[in-house]
1. Restrict the check to the range 58-72 and report whether at least one residue is among the hydroxyl-bearing types (Ser, Thr, Tyr), over 15 Å from Val113 (Cβ atoms) and outside any strand (DSSP E or B).
2. Does Tyr43 satisfy the condition of being of a type outside the set (D, E, K, R), open to solvent by 70 Å² or more (accessible area, probe 1.4 Å) and at pLDDT 95 or above?
3. Go through (1) polar (S, T, N, Q); (2) in a helix (DSSP H, G or I); (3) within 20 Å of Glu8 (Cβ to Cβ) one by one and return the number of the condition Ser119 breaks.
4. Has the range 20-39 got at least one residue that is surrounded by 15 or more Cβ atoms within 10 Å (Cβ to Cβ), at pLDDT 95 or above and among the hydroxyl-bearing types (Ser, Thr, Tyr)?
5. Give me the residue from the range 1-38 that is of a type in the set (S, T, N, Q) and in a loop (DSSP other than H, G, I, E, B) and, out of that set, farthest from Thr78 (Cα to Cα).
6. Of the residues Glu77, Glu66, Glu86, which single one is surrounded by fewer than 18 Cβ atoms within 10 Å (Cβ to Cβ), closer than 24 Å to Asp29 by Cβ and modelled with pLDDT of 95 or more?
7. Only one of Pro72, Pro54 is more than 20 Å from Glu26 (Cα to Cα), loosely packed, with under 13 Cβ neighbours inside 10 Å, at pLDDT 90 or above and not basic (Lys, Arg); which?
8. For Val113, state whether it is buried (at least 17 other Cβ atoms within 10 Å of the Cβ) and under 23 Å from Ser23 (Cβ atoms).
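The values are calculated or read from the model by the stated rules, or taken from the named source; none is laboratory data. Remember, it's a predicted structure, so these values are computed and weren't measured experimentally. Cβ atoms come from the backbone with ideal geometry, glycine included; neighbour counts cover every protein chain shown. All accessible areas refer to the heavy atoms of the entire protein, side chains included, with ligands and DNA or RNA removed. Shrake-Rupley method; radii C 1.70, N 1.55, O 1.52, S 1.80 Å.
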Amino acid sequence: MKVFIGGELEHSISDKFRKARNSVIEYMDCLCDISYINELSFYVFCLKGFTTNPLSRYSKKRNRIELEILLPFDKFETANDSQCVEILKQSILDAIENYKNKNIPQQYIDVIVEKMKASINEFVSNKQHYCLKRNAIEHYSYGYNE
């Protein structure tokens, strides 16, 4: 399955969004072996003063799920890079978890959600392990040099 994340954004947050999107795409690599859906597409709106009811569509011909996401502009604009990743990641998870379509069995959606959550947990666990290891090395190095 291919994953696409794009959208309409205020220019002032385009770099933050790009960085967050690239990080979130890493979490979604775990979905590449899913063959019962060809593409999962997210269209994100993050515009000042913009509101909409996000839509969801399923293209039977292309076997593609399209989900719209409305990110809170003020929150995204003031967030740091890691918070932006969390905002986007959680918004994507929420959109998938809440997606319902009579043409797609619910267990297919559940598998996508579970794979993403497992990937996120594994990434966080590996990152924490790396940070602990790095801190231990730095601590040892500083202690050794004193």
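1. no
2. Here the answer is yes, as Tyr43 does meet what is asked.
3. (3)
4. no
5. Filtering first and then ranking leaves Ser35.
6. Glu66
7. Checking each option against the conditions leaves just Pro72.
8. no
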